[in-house]
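All remarks here apply to the structure that follows.
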Amino acid sequence: MNRKTKTIFAVVIFFFFLILYPYSKQPAQFRSDDITWKIFHNSNTYKRFDFQNFGFKNVHQINEKIKALDSTQITIKGFIVIEKHGGAKHIILSETVTDACFMCNHDENNPAIQIIPKNKNSKIFRLKQDDYVKIKGTFAINKNNDDLMTFILKNPEIVEE
């Protein structure tokens, strides 16, 4: 083989290596704990009349993927929504920015997760309306307490702001 053929052969081998090398490595971190909002779109909460107690009751229709996440550690990105009810301040993680549409009711149209911090000194309380954050915590499905939302994130930690 002459010098030109060797050079072309070396370049082809080098490019072949560059193309295949990323596929030969194992990922450094498996990111199955990063949850996207798409998983929450097929779940609903609606009111049904309870004849036994003679009143309306919240009924949760939750898909199997979300049920599998119950009591597991998840990481999710979203926008902070701050709601005040009486003397209580509720911090909610939403898929959408609330200030983008002043007429929209985001609680009913888009999925949201209520954030329940460990203590009153948590960094979560320093967040402002519509801050975009990545939060890690223990995901829970609220089945009994009507004061809380359907989805809850307990013991949250801010991963990135």
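The values are calculated or read from the model by the stated rules, or taken from the named source; none is laboratory data. Please read all numbers here as calculations on a predicted model, not as lab measurements. So basically every Cβ, Gly included, is an ideal-geometry build from the backbone, and we count neighbours across all protein chains shown.
Taking the stated definitions as given, is residue 47 modelled with pLDDT of 75 or more, surrounded by 10 or more Cβ atoms within 10 Å (Cβ to Cβ) and over 30 Å from residue 132 (Cβ atoms)?
In short, yes.
Could you tell me whether any residue of the range 14-37 is closer than 16 Å to residue 150 by Cβ, of a type in the set (Phe, Trp, Tyr) and modelled with pLDDT of 80 or more?
yes
Considering only residues that are touching a helix residue (DSSP H, G or I) at 6+ places or on another chain (Cβ under 6 Å) and of a type outside the set (Asp, Glu), look in the range 116-142 and name the one that is modelled with the lowest pLDDT.
Just the residues of the range 116-142 that are touching a helix residue (DSSP H, G or I) at 6+ places or on another chain (Cβ under 6 Å), to begin with: 117, 130, 139.
Next, only the ones that are of a type outside the set (Asp, Glu) stay: 117, 139.
Values: 117: 86, 139: 91.
Only one residue tops the list, namely 117.
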